[in-house]
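Below is one structure, written out as structure tokens; the observations come after it.
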Amino acid sequence: MINVQRLSKSFKEVQALDNLSFSAPDGQITGLLGPNGAGKTTCLRIIYGLLKSEQGEALINGIDANQDPINARRQIGIFPDKFGLYERLTVREQIRYFAQLHGLSGMELEQRTELVINQLDMSSLANRKSAGFSQGQRMKVALAQALVHNPKHLILDEPSRGLDVMSTRILRDILREQRAQGTCILFSSHVMQEVAALCDRVVVMAKGRVAAEGTPQELCELTGESALEEAFVKIIGSDEGIAA
Amino acid sequence: MNMTALIWRKEFKDALRDKRSVLAAMSYAFFGPMLMAVAFFFLISQLTDPSDVEISIEGKEHAPELVQHLQLQGIVERQQPWPDTVTPITLSIPAQWAEQIKRAEPVTVTLRADWSAQKQQTEIKRVERAVQAYAAQITHYRMILRGIDPRMAQPINLSKQDLATRGSKAALIMGSVLVFIILSVFWSGMNVAIDISAGERERNSLEFLLSQPLSTQSIVWGKGLAATSFAVFGAALSLVLIPIIFNYVPLQEIGMSVNFSVPMMLLMFVLLIPLALLATALQLFVSFRAKNFKEAQTYISFLLIIPMAASFGVEFARLKTPILYYLPLTGQHQTFLSLIRGEGVNWLGASVSAVATLVLALLIGQLIARMLKSEKTVFGL
């Protein structure tokens, strides 16, 4: 369970988050939907403790990452806004490295590493160095790094950007699998279709605030529109920065 | 599993696979002593130059004995014309030479040259000395002929031994070798230090690493130790190579002998380890603040001035204060100087400076760890 309460954050004159509150329950996929610059990445970075909020708190399973970053981060798997890979390490070495950073060792380390490699269907990539990988292959490695320690919470920052249809499908399958295991999944996106196809709950963000919250169905009903996209435009009041 | 060790192992493996980092660490240790040896070859051959001095001699037919004497001293008449850029050195012998010598009158021999020309200094001096020596010879004969002990005319025998220039040149040579050794720890780990800090940021993997459940201290020390390992390796390599290469430099020709003994090299190596840690800490501090690899490289090249100033500066300014023995960097330099001169080592100074170096490195490391918790540094806000 991720609980965000009255978060406020500003960078110089720009108010990035303004009294933002929402929660992402376990066993559900919560989508953070908003146009570019709505504050999605800022919000996620505060949740995993890389940025400090000026006001309010973000709790992961009751732990505030600003107070106790190490224990908070043990609970989560992160797919960050920028996921650079270590191009001189093989895929397996990279996955093992992050598994070890999460405290895995011995048999558990080997098993989890193999499991996640098979789960993402990348046995053929496992012993290759990641230099020259395609965007889809890189996404898989980043996802494997986030999943290898079997976290109870997954935070993904626009995971589908730059992916082709096949890679997007793999991503969605994995997320659904994780949901079935009871994982709390919070992911940000500005892609309407993806949110509509995947999310149990949608939090629509605009200008650092929650503009609306509910299931895709509820949002449509709320605005009296039949398609989520139209509902979204109505909620945020402009169609700037949305990809269909 | 210890996180620091884990990061160290990963960064070390990563850096070993980076050809640029390995090459940077090796090339300094390899080409540095080589370059120095070549420079010393030139210096030594210049200092011990036995070749003839070529000058123009006017009226040499008037005094064949003088010309012969000069020839014996290695001063010969120039055959080729003088180049435009060089002022000729000309010795004029007057026509009345033989007559005036016969009458024991002073003969005026003129030496024309440019005394301010640095390059001709030694040549001019050699001509002067040769002429004076010939004059002294004549005095000698004349006095003996008149039944006077020639020593009468030499109440004082000033024995000039030209050790000063050689001595200072030798000090310069050894000084630059020491500076080179000290710089090796700054140079060899530099590329790794940039790669794991500014490079990590540039490749967009820093954010993910910082989001993992481990303290920033572990990250800084894991990375710091990886770069330090390269720095220490570079230092060891240059310490091994310098004695080998200097074996081939004819230092004995300028009256110098340097004894690189194994215990001395080991002591130097041990003293270089804390310095390597300090160098790495400084480099990480600078390059974690840089936005990318290039920016970090620019800042770090400024950083290289510190060890150069600390060692060359002290050497040239002839700065002598006991504090130098106890400070980081200058302490190691002073100890190395004592070692290479074969003097007793100020053990207290060497230990205090080693501890001071270590403490400073640790403080800088803690500072970086704090920096990495600040969103301003991490995201360059």
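Throughout, read-outs are computed from the coordinates displayed, never taken from laboratory work. Quick caveat, the model's predicted, so the values are computed rather than measured. All Cβ positions, glycine included, derive from the backbone under ideal geometry; neighbour counts span all protein chains shown.
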Assign one of three labels to segment B:4-156, namely rounded, prolate or oblate, based on the Cα gyration tensor with a ≥ b ≥ c the square roots of its eigenvalues; rounded applies when a/c is under 1.5, prolate when it is not and a/b is larger than b/c, and oblate otherwise. prolate
Based only on other Cβ atoms within 10 Å, what is the fewest-to-most ordering of B:THR298, B:THR4? B:THR298, B:THR4
Kirkwood hydrodynamic radius (C-alpha pairs) into Stokes-Einstein, segment A:110-244, 4 °C and 1.567 mPa s, D in µm²/s: 79
Give the average, rounded to an integer, of partner chain Cβ atoms located within 10 angstrom of each Cβ in A:76-89. 5
With springs connecting C-alpha atoms under 10 Å apart, model chain A as a Gaussian network and identify which of A:PRO159, A:PRO69, A:PRO25 has the largest mean-square fluctuation. A:PRO69
Under the rule of -39500 (n - 2.57) per DSSP H run of 4 or more residues, summed and divided by the residues of the protein assembly as shown, what mean residue ellipticity at 222 nm is obtained, to the nearest 500 deg cm²/dmol? -17500 deg cm²/dmol
Going by a ≥ b ≥ c, the root eigenvalues of the Cα gyration tensor, does segment B:1-73 fall in the rounded group (a/c under 1.5), the prolate group (a/b larger than b/c) or the oblate group? prolate
Under a 5 Å amide H to amide H cut-off, with H placed in plane at 1.01 Å, what residues pair with A:ALA212 once short-range neighbours are removed? A:VAL204
Those lysines that a straight Cα-Cα span of less than 25 Å connects to A:LYS40, excepting residues fewer than 8 apart in one chain: A:LYS9, A:LYS12, A:LYS52, A:LYS82, A:LYS140, A:LYS152, A:LYS207, A:LYS234, B:LYS291, B:LYS373, B:LYS376
Reachable lysines from B:LYS320, criterion Cα separation under 29 angstrom, eight or more residues apart if same chain: B:LYS160, B:LYS169
Computed over chain B, the Cα gyration tensor eigenvalues, each multiplied by 5 and square-rooted, give semi-axes in Å (largest first) of 63, 22, 16
Would you kindly compute the Cα radius of gyration of the protein assembly as shown and its largest Cα-Cα separation (Dmax), both in Å? 38.4, 137
Counting other beta carbons within 10 Å of each Cβ, put B:PHE312, B:PHE208 in order, fewest first. B:PHE312, B:PHE208
Take the Cα of B:ALA5, step 7 Å along the line toward its Cβ, and report every residue of segment A:101-121 whose backbone nitrogen sits under 18 Å from that point. A:101-110
Residue farthest toward the positive end of the dipole of the protein assembly as shown, with Cβ of Lys/Arg at +1 and Asp/Glu at -1: which of A:ASN19, B:ALA317, A:CYS220? B:ALA317
Which of rounded, prolate or oblate describes segment A:113-169 when judged by the alpha-carbon gyration tensor and an a/c cut-off of 1.5? oblate
Radius ratio Rg over Rh of chain A, counting only Cα atoms, Kirkwood formula for Rh: 0.97
Please give the charge dipole size of segment B:269-344, origin at the Cα centre, charges +1 on K and R Cβ atoms and -1 on D and E Cβ atoms. Round to the nearest 20 debye. 160
If I fit a long axis through the Cα atoms of helix B:164-188 and take the longest principal axis of the Cα atoms of chain B, what angle between them do I get, 0 to 90°, rounded to 10? 20
For A:ASP64, what residues show an amide H to amide H distance below 5 Å, using hydrogens built from the backbone and excluding near sequence neighbours? none
Of B:TRP347, B:TRP97, how do they rank once you tally other Cβ atoms within 10 Å and put the fewest first? B:TRP347, B:TRP97
If you wrap segment B:233-366's Cα atoms in a convex hull and average its projection over all directions, what's the area in nm²? 9.6
Considering only the other residues whose Cβ falls under 14 Å of the Cβ of A:ARG209, what net charge follows from Lys and Arg at +1 and Asp and Glu at -1? +2
Tell me the angle of helix B:190-202 to the major Cα principal axis of chain B, expressed in degrees between 0 and 90 and rounded to the nearest ten. 40
For segment B:313-381 the GluC sites (Glu not before Pro) that pass both the DSSP coil test and the at-most-14 other-Cβ-within-10 Å test are B:GLU343
